[in-house]
Amino acid sequence: MSNKLGGGVKITFFGHAAFRFESPEGKTIAVDPWLENPARSTDVEALGPLNAILITHAHGDHLGQAVSLAKATRARVVAQPEICAYLGTQGVGNLIGMNKGGTVDVDGIKVAMTHAVHSSSIDTGKGLIPGGDPAGFVITFENGFAAYHAGDTGAFMDMKIIRDIYSPDVALLPIGSHYVMDPREAAYAARLIGARFVIPMHYGTFPVLSGTPEELIELLKDDDIEVVTMAAGETVE
Ligand code: NI
Ligand code: MN
C-alpha cells in the first residue's frame with residue numbers, strides 16, 4: 001500500500017465518508033464531517049482551521065457534526081440550497097448553495113458538484129424533511145491535483161463525464177453495499193472514472209455495509225488502478 005499519491009495533497013480519513021484535504025499551500029477542506037462515527041470519534045477542534053466544509057447530501061452519516069464544525073471553524077459550507085437553508089436555521093453562516101454541473105472557487109480551490117445516484121433527507125428529530133438531491137464533489141487544488149468524493153451512490157454511466165471533464169487523480173468511492181455501491185459496482189465505477197488511485201469508504205461502519213477493500217483490490221488486480229485502503233485517523237499524501 002502506498003502512502004504517496006503524488007500531488008502533495010494530504011488526505012486524512014476520519015471513518016465512514018469523512019475526509020479532510022490539505023493543499024500544498026495549506027488550504028483545508030472537510031467533506032461529510034460525521035466525526036462521531038463507530039470507527040472513530042474526532043473532536044471538531046481536531047480538524048483545525050478550515051477553508052470549507054462540503055456536504056454531499058443530508059443523511060445523518062454525512063451531515064454529521066457539520067453544524068458544530070461550521071460554528072467552531074467559521075468555514076464556508078458548500079452544499080445544495082436545501083441543505084444550506086436548513087443549516088441557516090441552525091445558526092450556520094457563510095453558506096454557499098450550489099448545484100450539479102457548477103463549480104465554485106473557495107480560496108483558489110475549485111469545487112465542482114457532480115451527480116450521485118442515491119436519496120437525501122434531513123432528520124430533524126421530528127421526522128424527515130427534503131434534503132435536496134444527493135451529490136458528489138470534484139475538488140481541484142491549486143496545482144491541478146483533483147480528488148473526486150463520490151458521496152453515497154451506485155455506479156452510473158455519467159461517471160464518464162466526471163472522467164472526461166475533471167480527470168480526477170484519486171476517487172473516494174463507497175463500497176459497503178446495501179445503501180451504496182458494493183465492490184463489484186465500485187470496480188466498474190473506478191474503471192469509468194479512470195483515476196489512478198481509489199480510496200474505499202463507507203464500509204464496515206455498520207454490519208450491513210459488508211463490502212471490503214480486499215474484494216475491490218481483487219476485482220481491480222488487472223487494472224492500472226491502485227486501491228489505497230485507509231484506517232480511520234490515517235493521512236496519506
Ligand atoms: Ni446517504
Ligand atoms: Mn451514507
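We did not get these values from a lab; they are worked out from the coordinates using the rules stated. Note that this is a predicted model, so its numbers are computed, not measured. All Cβ positions, even for glycine, are placed from backbone atoms using ideal geometry, and neighbour counts span all protein chains on display.
Note the angle between two axes, namely the Cα long axis of helix 183-193 and the longest principal axis of the Cα atoms of the chain, as a number of degrees from 0 to 90, rounded to the nearest 10.
90 degrees
Any idea what the dipole of the chain comes to, in debye rounded to 20, about its Cα centre with Lys/Arg Cβ at +1 and Asp/Glu Cβ at -1?
Details: 17 positive and 28 negative charges, 99 e Å.
For the chain, the charge dipole is close to 480 debye.
Determine the gain in length on full extension of the stretch Glu214-Ile161; use 0.36 nm per residue of separation and subtract their C-alpha separation, reporting nm with one decimal.
Between Glu214 and Ile161, full extension yields 16.3 nm more.
Summing Lys, Arg as +1 and Asp, Glu as -1, what charge do residues with Cβ under 13 Å from the Cβ of Gly6 carry, Gly6 excluded? Present the calculation step by step, with values, prior to reporting the outcome.
Details: positive: Lys4, Lys10, Arg196; negative: Asp169, Glu226, Glu237.
Summing Lys/Arg as +1 and Asp/Glu as -1 gives 0.
So what is the diffusion coefficient of the chain in µm² per second by Stokes-Einstein at 4 °C and 1.567 mPa s, using a Kirkwood Rh over Cα pairs? All intermediate terms of the calculation are to be shown ahead of the outcome.
Working: Rh = 17.3 Å.
Value of D from the Cα-based Kirkwood radius: 75 µm²/s.
If you average the C-alpha positions of the range 1-79 and of the range 132-171 separately, how far apart do those two centres end up, in angstrom?
Cα centroid to Cα centroid, the span is 17 Å.
When ranked by the protection proxy of mean other Cβ atoms within 10 Å per residue, highest first, what sequence do the peptides 165-175, 199-209, 216-226 form?
165-175, 199-209, 216-226
Report the one residue of Val170, Gly64, Ala231 whose Cα lies farthest in the direction of the positive end of the charge dipole of the chain (charges on C-beta: Lys and Arg +1, Asp and Glu -1; origin at the Cα centre).
Positive-end residue among those listed: Gly64.
I'd like the FRET efficiency for Glu36 and Thr89, computed as 1/(1 + (r/R0)^6) with the beta carbon distance as r and R0 of 25 Å, rounded to 0.05. Each step should come with its number before you reach the end.
Numbers: r = 22 Å, r/R0 = 0.86.
Efficiency for this residue pair is about 0.70.
Once the other residues with Cβ under 12 Å from the Cβ of Glu142 are scored (Lys, Arg +1; Asp, Glu -1), what is the net sum? Intermediate values should be presented prior to the final figure.
On the way: positive: Lys27, Lys110; negative: Glu22, Glu25, Asp105, Asp107.
Surrounding charge for Glu142 is -2.
What ranking, highest mean first, results for peptides 74-85, 143-154 when packing means the other Cβ atoms within 10 Å averaged over each residue? Numbers along the way, then the final one.
Details: 74-85: 20.9, 143-154: 23.0.
Output ranking for 74-85, 143-154: 143-154, 74-85.
Classify the range 65-135: rounded, prolate or oblate, from the alpha-carbon gyration tensor (a ≥ b ≥ c, eigenvalue square roots; a/c under 1.5 rounded; otherwise prolate if a/b is larger than b/c)? Working shown, then result.
Numbers: a/c = 2.38, a/b = 1.13, b/c = 2.11.
It is oblate, given that a/c is not under 1.5 and a/b is not larger than b/c.
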